[in-house]
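Colleague: Just passing along the structure, written as structure tokens.
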Amino acid sequence: MWYLILISLVILAVYLWRVIKLIGIPWSISDTYYQLKKHQKPAWIFQVAIITAAGFLLPEWLELTDGKNYQCCAFLACAGLIFVGAAPCFKLELDGKVHVGATIVCALASLVYMCFSGLWFVPLLLAIPTGFLIHRYDKPVFWLELWLIVSVYVSIIINAIWN
């Protein structure tokens, strides 16, 4: 089921590429929801991209972590991402709480997965170019989100190759 990882990655990459082409580098990935509205584009595309990417990633990630003590991290990371997509209006009170909470769960579960799977070095190696991008282009939240996403996909792909 390698293709599910690639489909998930392509969905996120194409979404981000198209949005950056339209609006430039956003403040955060979640802010693209509001930026699409501002440019009279359908904002629900953010929701579809995020939820679909997580949905395609989940079965393969669960299979890769089958029988491991940290399998719950794969579930929590994808579930968190699905909730991020389901509650895109982070500027509203209720949606904002769900969105931020889900973002934290997703990020922490992803980092714990990388540490417990022995791939802790991936986010460390990618921190150097991320620091450069933050310095060069500002928008630290966007670059940190991208750093975590790339770290997770690289870790999952390495894990899939090793297993």
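Colleague: Within the range 105-126, count every residue that is open to solvent by 10 Å² or more (accessible area, probe 1.4 Å) and either touching a residue at least 40 places away in the same chain (Cβ under 8 Å) or in contact with a strand residue (DSSP E or B) (Cβ under 6 Å, 6 or more places away or on another chain) (or both).
Modeller: 4
Colleague: Of all residues being over 28 Å from Leu4 (Cβ atoms) and polar (S, T, N, Q) in the range 14-52, which is least open to solvent (accessible area, probe 1.4 Å)? Just the residue, please.
Modeller: Restricting attention to the range 14-52, the residues satisfying the condition of being over 28 Å from Leu4 (Cβ atoms) are 23-25, 27, 34-35, 37-40.
Now narrow it down to the ones that are polar (S, T, N, Q): 35, 40.
Values: Gln35: 43, Gln40: 155 Å².
Selected residue: Gln35.
Colleague: Of all residues in the range 94-109, how many are under 12 Å from the mean Cα position of the chain (by Cα) and under 16 Å from Ser28 (Cβ atoms)?
Modeller: Of the residues in that region, 5 qualify.
Colleague: Consider only pairs whose beta carbons are under 9 Å apart and that are at least six residues apart or on different chains; among these, list those whose first residue lies in the range 30-42 and is over 17 Å from Phe142 (Cβ atoms) and whose second residue is among the polar types (S, T, N, Q).
Modeller: Lys41/Gln35
Colleague: Is there any pair with a first residue in the range 43-71 that is under 17 Å from His99 (Cα atoms) and a second that is among the small types (Gly, Ala, Ser) and part of a helix (DSSP H, G or I) whose Cβ atoms are under 6 Å apart and which are 6 or more apart or on different chains, and what are they?
Modeller: Between residues of the range 43-71 that are under 17 Å from His99 (Cα atoms) and residues that are among the small types (Gly, Ala, Ser) and part of a helix (DSSP H, G or I), the close pairs are Gln47/Gly85; Ile50/Gly85; Ile51/Gly85; Ala53/Ser8.
Colleague: To continue, here is another question. Six or more apart or on different chains, Cβ under 6 Å: which pairs go from a residue in the range 78-95 that's over 18 Å from Ala54 (Cα atoms) to one that's part of a loop (DSSP other than H, G, I, E, B)? Could you list them?
Modeller: Pairs that qualify, where the first residue is over 18 Å from Ala54 (Cα atoms) and the partner is part of a loop (DSSP other than H, G, I, E, B), are Phe90/Ser30; Asp95/Ala87; Asp95/Cys89.
Colleague: Specify which of the listed residues (Gly55, Gly85) is at pLDDT 95 or above, crowded, with 17+ Cβ neighbours inside 10 Å and within 16 Å of Ile156 (Cα to Cα). If you could, list the steps in order and put the result at the bottom.
Modeller: On the way: Gly85 fails: within 16 Å of Ile156 (Cα to Cα).
Every option except Gly55 fails the conditions.
Colleague: Would you point out which residue out of Leu94, Leu62, Leu6 is out of contact with any strand residue (DSSP E or B) (no Cβ under 9 Å at 6 or more places or on another chain), surrounded by fewer than 18 Cβ atoms within 10 Å (Cβ to Cβ) and at pLDDT below 95? Give the derivation first.
Modeller: On the way: Leu62 fails: at pLDDT below 95; Leu6 fails: at pLDDT below 95.
Just a single option satisfies the conditions, and that option is Leu94.
Colleague: Tell me, which residue of the range 140-163 that is open to solvent by 70 Å² or more (accessible area, probe 1.4 Å) and either polar (S, T, N, Q) or over 16 Å from the mean Cα position of the chain (by Cα) (or both) is nearest to Glu63 (Cα to Cα)? Walk me through how you get there before you give the answer.
Modeller: If we filter the range 140-163 for residues that are open to solvent by 70 Å² or more (accessible area, probe 1.4 Å), which is where we start, we get 144, 161-163.
Subsequent filtering for residues that are either polar (S, T, N, Q) or over 16 Å from the mean Cα position of the chain (by Cα) (or both) retains 161-163.
On the way: Ile161: 13, Trp162: 13, Asn163: 10 Å.
The extreme case among them is Asn163.
The values are calculated or read from the model by the stated rules, or taken from the named source; none is laboratory data. Here the structure is a predicted model, which is why all the values come from computation and not from measurement. As a convention, Cβ positions derive from the backbone with ideal geometry for all residues, glycine included, and neighbour counts pool all protein chains shown. What goes into the accessible areas is simple: the full protein's heavy atoms, side chains included, and nothing from ligands, DNA or RNA. Shrake-Rupley method; radii C 1.70, N 1.55, O 1.52, S 1.80 Å.
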